[in-house]
Amino acid sequence: MPVCDLDKRRPHAKKVMGLDVVVWWDRNEEAWKVFDDTCPHRLAPLSEGRIDQWGRLQCVYHGWCFGGSGDCKFIPQAPPDGPPVHTFKKACVAAYPSTVQHDIVWFWPNSDPQYKDIIMKKKPPYIPELDDPSYSKLMGNREIAYGYEVLIENLMDPAHVPYAHYVKADREGGRPVEMSIKKFDIDGFLAKQEWGSSKFMPPCIFYAYSERPSDPGNGTAMSDGSKMTQESSAPAATRRMALIFICIPVSPGNSRLIWTFPRNFGVWIDQVVPRWIFHVGQNLILDSDLYLLHVEIMEVGISNWQKACFVPTKSDALVVGFRKWLNKYAGGQVDWRGKFSGALPATPPREQLMDRYWSHVVNCHSCNVAYKGLNALEVALQVLSVASLGVVAVAKQNALSAIARTTLVVMAVAFFGASKWLAHFIYKNFRYHDYDHAFR
């Protein structure tokens with residue numbers, strides 16, 4: 001998860017590769033910790049607990065407390081003069097090796113003690129733009145109701161954009177797309193397109209990037225002969241943007257997407273515009289093909305892709321490359337370690353499938369704050385509407401002029417209308433926004 005969307009005051013429940021984990025801030029070690037989301041006492045979820053006054057993770061069921069290494073620090077029910085049962089191995093909770101890189105919490109999905117220092121040897125993939133302070137890098141995240149495999153291949157496929165994302169491109173803009181894979185091995189692959197390059201960085205990162213030279217007539221000459229644009233701190237010849245998608249397998253038929261689009265020009269925009277406004281548009285893009293992809297995975301299943309799909313053109317080169325990599329180096333699918341039978345979950349109603357609140361808003365600090373603030377504003381507008389009419393109703397006949405009465409009535413109607421419009425805006429952008437391709 002992005003650190004910006006994690007509250008240090010509380011534990012957070014997450015599912016990754018079928019593992020139920022709790023992510024919490026250990027203020028004693030000043031580090032994010034990832035534990036098995038199960039108290040060893042009576043198996044209550046630790047994510048429903050709290051961080052106590054000593055900075056320990058406390059189970060809300062019986063008050064057992066745990067330190068940053070998973071060791072049990074305190075059992076309230078154990079007598080102080082009795083055996084130190086909190087020190088027993090069975091009293092410990094499984095802790096996963098974890099680290100923060102690029103402002104994202106990563107962890108190794110095996111709590112066996114032999115992997116205790118694995119993060120020092122096998123670090124998460126490094127992305128230079130996310131470490132460069134000259135780049136903007138607003139992040140977003142969303143729970144997706146289709147699998148990790150389909151999520152990655154969809155992000156690798158530019159040919160669907162004019163059709164599935166009509167508001168972002170010309171619907172009749174489809175054409176042959178030249179794409180080729182230049183390098184392919186266990187470490188992923190590098191691909192070339194007309195507009196730039198892209199990489200698949202196993203197991204979960206798709207990274208596309210391009211350099212865009214600016215109009216030489218709109219810049220200022222630099223000492224090295226390059227141009228400096230007025231709206232950017234980057235020389236025109238090195239204006240660069242990347243698309244970074246981190247695709248996390250959650251369970252069969254479900255995944256999590258973390259995205260960021262770092263750039264070294266127009267950085268000031270991200271400092272002025274609230275993050276939630278960007279997410280409104282980005283969620284609409286995700287919604288526009290979400291139902292299609294959910295149906296695709298239900299039709300194809302988990303392991304039948306090669307036989308079911310016909311991919312004859314170069315525009316599918318990256319999709320085919322990913323499926324080849326998955327088959328050759330990962331056994332053709334995510335290793336769920338026997339946690340699931342292989343059956344996909346049933347298709348929920350469309351409103352639930354494309355719900356934005358539980359899939360995004362509750363997990364995004366910026367959108368959650370905006371959602372609460374806009375709801376409060378809606379209530380305030382309704383109160384003002386009623387109050388305006390109330391003043392007219394209780395005022396004596398001669399206390400208000402006809403103009404004042406008319407003004408208050410108009411204000412009441414305006415406040416009521418604004419509250420209704422705002423309620424629709426909140427529902428459409430924070431709850432559920434259907435996407436009907438027939439009328440786009």
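The values are calculated or read from the model by the stated rules, or taken from the named source; none is laboratory data. If you're wondering where the values come from, they're calculated on a predicted model, not measured in any experiment. So basically every Cβ, Gly included, is an ideal-geometry build from the backbone, and we count neighbours across all protein chains shown.
Pairs linking a residue in the range 66-94 that is free of Cβ contacts under 8 Å to residues at least 12 places away in the same chain to a residue that is not in a helix (DSSP H, G or I), with Cβ atoms under 7 Å and 6 or more positions apart or on different chains, are V85/I75; V85/A78. Of all residues assigned to the range 26-33, at least one qualifies as being of a type in the set (F, W, Y), surrounded by 15 or more Cβ atoms within 10 Å (Cβ to Cβ) and under 25 Å from I205 (Cβ atoms). With respect to the conditions (1) in a helix (DSSP H, G or I); (2) touching a Phe, Trp or Tyr at 6+ places or on another chain (Cβ under 8 Å); (3) touching a residue at least 60 places away in the same chain (Cβ under 8 Å), G140 falls short on a single one, namely (1).
Of the residues making up the range 21-39, those that are of a type in the set (D, E, K, R) and within 19 Å of A91 (Cβ to Cβ) are D26, K33, D36, D37. As a summary of the residue check, S288 satisfies the conditions (1) touching a residue at least 24 places away in the same chain (Cβ under 8 Å); (2) under 23 Å from A164 (Cα atoms); (3) within 16 Å of the chain's Cα centre (by Cα) except for the one numbered (3).
The set of residues in the range 251-269 being in contact with a helix residue (DSSP H, G or I) (Cβ under 8 Å, 6 or more places away or on another chain) and either at pLDDT below 90 or of a type in the set (S, T, N, Q) (or both) consists of G253, S255, T260, N264. Listed by first and then second residue, the pairs with beta-carbon distance under 7 Å, at least 6 apart or on different chains, first residue in the range 416-440 and outside any helix (DSSP H, G or I) and surrounded by fewer than 16 Cβ atoms within 10 Å (Cβ to Cβ), second modelled with pLDDT under 85 and of a type in the set (F, W, Y), are R440/Y166.
Tell me the residue from W32, W54 that is in contact (Cβ under 8 Å) with a residue 40 or more places away in the chain and of a type outside the set (D, E), please. Lay out the reasoning, then the answer.
Values: W54 fails: in contact (Cβ under 8 Å) with a residue 40 or more places away in the chain.
Only one candidate passes the filter, namely W32.
What are the residues in the range 77-102 that are assigned to a strand (DSSP E or B), in contact with a Pro (Cβ under 9 Å, 6 or more places away or on another chain) and within 16 Å of P11 (Cβ to Cβ), if any? The answer is Y96, and nothing else. Each residue in the range 390-415 was checked for being hydroxyl-bearing (S, T, Y) and either part of a helix (DSSP H, G or I) or in contact with a Ser or Thr (Cβ under 8 Å, 6 or more places away or on another chain) (or both), and 2 pass. Put simply, of P133, P109 the only residue that is part of a loop (DSSP other than H, G, I, E, B), assigned by TED's automatic domain parsing to the domain that holds F35 and not basic (K, R) is P109.
A quick yes/no check of all residues on (1) assigned to a helix (DSSP H, G or I); (2) surrounded by fewer than 18 Cβ atoms within 10 Å (Cβ to Cβ); (3) among the polar types (S, T, N, Q):
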residue: D270; (1), (2), (3): yes, yes, no
residue: W276; (1), (2), (3): yes, no, no
residue: L286; (1), (2), (3): yes, no, no
residue: L292; (1), (2), (3): yes, yes, no
residue: I297; (1), (2), (3): yes, no, no
residue: F310; (1), (2), (3): no, yes, no
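For the range 347-377, filtering for residues that are in a helix (DSSP H, G or I) and surrounded by 18 or more Cβ atoms within 10 Å (Cβ to Cβ) leaves 7. Within the range 323-378, the residues that satisfy the criterion of being of a type in the set (D, E) and under 21 Å from I248 (Cα atoms) are D335, D355.
Where strands (runs of 3 or more DSSP E) fall entirely within the range 1-76, those with at least 3 residues that are in the same structural domain as P97 (by TED's automatic domain parsing) and at pLDDT 95 or above are at 12-16, 19-26, 31-36. Condition check for P158 on (1) within 27 Å of S288 (Cβ to Cβ); (2) surrounded by 20 or more Cβ atoms within 10 Å (Cβ to Cβ): one failure, at (2). Of the residues making up the range 246-282, those that are touching a Cys at 6+ places or on another chain (Cβ under 9 Å) and more than 21 Å from L326 (Cβ to Cβ) are R275, W276, H279, V280.
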